[in-house]
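Peer 1: Quick one: the structure is below, questions incoming.
The values are calculated or read from the model by the stated rules, or taken from the named source; none is laboratory data. What you see is a predicted model, and the numbers here were worked out from it, not measured in a lab. FYI the Cβ positions are ideal-geometry reconstructions off the backbone, even for glycines, and counts take in every protein chain you see.
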Amino acid sequence: MTVFTCILFLFLIVCAVAASLSKSLLNTVLIFMSYSLVMSIIWVILEAPDLAVTEAAVGAGVTTVLFVLTLKKIHAIMGANAAEKEAENELEYRRRRNS
Amino acid sequence: MSRKVPREQYEKTLSFKLKTWLEGSRDPYVGNLEMRPQSLRQEDEAVRRRLQEDKKQARDRAYDTEHNREMVLFKKLYRIFSLLFCVFLVSMLLIGVADLPPFGEADKPVNNEVSQRYIEKGLQETGAVNIVTGMILDYRAFDTLGESHVLFIATCTVLILLRADQEKGKNGAEEWEANDRAYEPKNDVILQTAARLLVPFIIIFGIYIILCGHLGPGGGFSGGAVIGAGLILYVSAFGFARTERFFTAKTYKWMSFGALACYCLSKTYSFYTGANHMESVIPLGTPGAILSSGLILLLNICVGVVVAGTMYTFYVMFRKGGY
């Protein structure tokens, strides 16, 4: 096993731990994507280029897109407008509580 | 012949009352019921304050986790059990991995006569230079057919679960999309330029992977996934109006149906000839040429079409719930 492979495996483990410990769901999805990319490089090293192409297209591409879309549907990613609206609601709530 | 009844008498009969009731031409309560304007409900200030106080107390008690004995116990047990579960899972996986033979060893149980046969006679029997493709699309083509059907059924399930409400009419889907696009720029120049440059190459690369599946690494599934990813990039850059000119739900249905039917028919042919010990009329061709290895090229194209459509449909259904 070369140094390069060792580094890749180490990165894989770090990614796996970080994905489970990350607080933000979007960060988890992005870490998962980098995990898939490194996994596809490891497939090439293990002499399975078929799997590498599939892993890169499905694991890193389509799955990530679907995850991000789902996060958007459940309002886990907040755009600038949504954050503004949230702050407004918070202010309104406080005003009502104080009066 | 029935006798004609005078009007007053007729109005007293049950059938007339039923008729008026059904038609709603007479309100039965008019004149029989006293109507009063609704008075505003007066809330007692003391009662209201007491209710609020009660609610606040209940909430404080529920969220006072430090003094809630059940919560404290649950938290402790939860930590202990999650730790135990993690240790159990990790040890089970490690024990399982420890039983595996070392990587790359020659005399491990996977290297039996089946793989021997695949390696020795694969090229001669299937005509595919890529042994993996020869295996999954010739020796084990029945499994691959099942996989394609699983994908098709998964898409059908997504279509059923995520379809936008049709009862609202055509506005339903449009409203959905308007909501969806509320927080993002409509025409992003960076994204559009990148997509214009990249999408043709991505799709050509996908087609190359599908067509050369029997010559090099690749095949229907990976090529289809690449084409699907290219279509998704195109759609997210240019919007649904551009893609719906050539790709709608109807197109997807007919594409999938055609590809699966083509797959089924061609495999039926080879199963029939194989089971009856007949020679297949389809020539295997010279190994290494693009038109070689019998039906594998056709099967690869079928699988690729199904997978590309499925990926794109997943995206569309997740995005706006309908074509």
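Peer 1: Identify all residues within segment B:203-222 that are part of a helix (DSSP H, G or I), more than 8 Å from chain A (Cβ to nearest Cβ) and either among the hydroxyl-bearing types (S, T, Y) or closer than 21 Å to B:T126 by Cα (or both); write none if there are none.
Peer 2: B:Y208, B:I210, B:L211, B:G220
Peer 1: Another question about this same structure. Among B:G294, B:G274, which is part of a helix (DSSP H, G or I), within 24 Å of B:T133 (Cβ to Cβ) and of a type outside the set (A, V, I, L, M, F, W, C)?
Peer 2: B:G274
Peer 1: Between A:V44, A:V29, which is over 20 Å from the mean Cα position of the chain (by Cα), modelled with pLDDT of 80 or more, within 29 Å of B:G218 (Cβ to Cβ) and within 14 Å of chain B (Cβ to nearest Cβ)?
Peer 2: Matching residue, one of A:V44, A:V29: A:V44.
Peer 1: Could you list all residues from segment A:68-80 that are outside any helix (DSSP H, G or I) and facing chain B (nearest Cβ under 8 Å)?
Peer 2: Listed by number, the list holds a single entry, A:G79.
Peer 1: Still on this structure: Is it the case, given these coordinates, that A:K85 is within 11 Å of chain B (Cβ to nearest Cβ), surrounded by 13 or more Cβ atoms within 10 Å (Cβ to Cβ), at pLDDT below 85 and over 21 Å from B:A225 (Cβ atoms)?
Peer 2: It is false that A:K85 is within 11 Å of chain B (Cβ to nearest Cβ), surrounded by 13 or more Cβ atoms within 10 Å (Cβ to Cβ), at pLDDT below 85 and over 21 Å from B:A225 (Cβ atoms).
Peer 1: Looking for whichever is charged (D, E, K, R), surrounded by 10 or more Cβ atoms within 10 Å (Cβ to Cβ) and modelled with pLDDT under 85 here; the options are B:E11, B:E34, B:E53. Which one fits?
Peer 2: Of B:E11, B:E34, B:E53, the one residue that is charged (D, E, K, R), surrounded by 10 or more Cβ atoms within 10 Å (Cβ to Cβ) and modelled with pLDDT under 85 is B:E11.
Peer 1: Got a number for residues in segment B:223-258 being facing another protein chain (nearest Cβ under 9 Å) and either touching a Pro at 6+ places or on another chain (Cβ under 8 Å) or of a type in the set (S, T, Y) (or both)?
Peer 2: Qualifying residue count, segment B:223-258: 1.
Peer 1: If you scan segment B:29-70, which residues turn out to be in a loop (DSSP other than H, G, I, E, B) and either in contact with a helix residue (DSSP H, G or I) (Cβ under 7 Å, 6 or more places away or on another chain) or hydroxyl-bearing (S, T, Y) (or both)?
Peer 2: B:Y29, B:S39, B:T65, listed by residue number.
Peer 1: Could you tell me whether B:E147 is within 14 Å of chain A (Cβ to nearest Cβ), touching a helix residue (DSSP H, G or I) at 6+ places or on another chain (Cβ under 9 Å) and charged (D, E, K, R)?
Peer 2: Judged against the criteria, B:E147 is a match.
Peer 1: Of the residues that make up segment B:259-270, is at least one away from chain A (no Cβ under 14 Å), outside any loop (DSSP other than H, G, I, E, B) and either in contact with a His (Cβ under 9 Å, 6 or more places away or on another chain) or closer than 30 Å to A:I74 by Cα (or both)?
Peer 2: yes
Peer 1: Filter segment A:1-51 for residues that are at positive phi and among the small types (G, A, S) and give the result.
Peer 2: none
Peer 1: Six or more apart or on different chains, Cβ atoms under 9 Å: show the pairs whose first residue is in segment B:228-251 and loosely packed, with under 13 Cβ neighbours inside 10 Å and whose second is in a helix (DSSP H, G or I).
Peer 2: The qualifying pairs are B:R242/B:Y234; B:R242/B:V235.
Peer 1: Looking at segment A:48-67, which of its residues are over 19 Å from B:T313 (Cα atoms) and at the interface with chain B (Cβ under 7 Å from one of its Cβ atoms)?
Peer 2: A:P49, A:D50, A:V53, listed by residue number.
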